[in-house]
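Each reported figure results from applying straightforward, stated rules to the coordinates on display, with no laboratory input. Bear in mind that the values here come from a model prediction, so they are computed numbers and not experimental data.
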Amino acid sequence: MKSFRLILAFAAALVLSGAGCDLSQKIAWRLPFSFEKALPSADPAAATAAIALKPGLAFTVRPSALGVSGAIDEAFGIDGRALSVEVTEADPEDALSLAWKTGSATGTLALAEYEGAHAMLLPAFWLKGESSAAGNGGLWLSRAAYDELAGAGKTEWRLGLAENAFSALSRAFKTFNDLSARLSGSATATQVASPFTIEKTAVIEAYPLTVGGRIVLVRAIKATSWFAEFLVLENPENPLILKVVVNPVAAPALKALESAEIRWDELGYEITSISLP
């Protein structure tokens, strides 16, 4: 715990000192590294398109407090909380399945009818063993939501639950949703949007990401809502949500999840490395 607090203090110091330019370019291309592997690719558009959604695509998901600790864990090889995910099925007719594991747990997640989804399933809510979540994008923006975000500049994007989520979490989620609507509405004179409406705020043209053991630059869409900030791979065929940073203003609502033993400050994550099929 002491070492984790030190990491958070270090991360906060970097952000406050102005190193928050994507965490000082991902801790100077994620030191320590071999110089050869650290050289980024020169064509972000091509690198982005090359990350295809198909069986065998695998990636590492790291919890990311303050939006930066995932990159720090990656840079210094801290793997205790890392989640390894592999796509086992990616049917263009709407079936997406994953297998995942951590140091102490394993599971599978089946996402039927994900193409039209307007909700995601954060790793903090994944259940051990076999699980399913119909109409849920998992860690992907659905194609429908991606097209709305890229075209109209906004879309509805909620938190979801697996179909076999235990009742305590379901009750906590209802409280969270109710509080979110009230708190976000009271923040403005008139509530013009759902607390889960995400709006495109920028296109990042050179985001560093480890792909196949090598740092490359990819393109990503940044979108924000009352609840969180999202970073989505700018690939309509594979709109993987690379990063979620929870907005501290949502903390009062998110604390409702503590009744189900879910810590609100551990909901954010970052995908720090990808292996292609």
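Using amide H atoms built in the peptide plane, which far-off residues or other-chain residues are under 5 Å from residue 158 H to H?
Those qualifying (amide H under 5 Å, at least 5 residues apart or on another chain) are 119, 120.
Search the structure for amide H atoms under 5 Å from the amide H of residue 139, placed 1.01 Å from N in the peptide plane, and list their residues when 5 or more places away or on another chain.
121
Long-range amide H contacts for residue 273: which residues qualify at under 5 Å (H placed 1.01 Å from N, peptide plane, sequence gap of 5 or more or a different chain)?
For residue 273, the qualifying residues are 60.
Using θ = phi - 60° and the Karplus form 6.51 cos²θ - 1.76 cosθ + 1.60, what ³J(HN,Hα) does each residue of region 212-227 get, whole Hz, x for Gly and Pro?
x, x, 10, 5, 10, 9, 10, 9, 9, 9, 9, 9, 10, 9, 4, 7
Binning at 10 Å from 0, report for region 95-149 what percent of all alpha-carbon pair distances ends up in each bin.
Per 10 Å bin, starting at 0, the Cα pair percentages come out as 26, 51, 20, 3.
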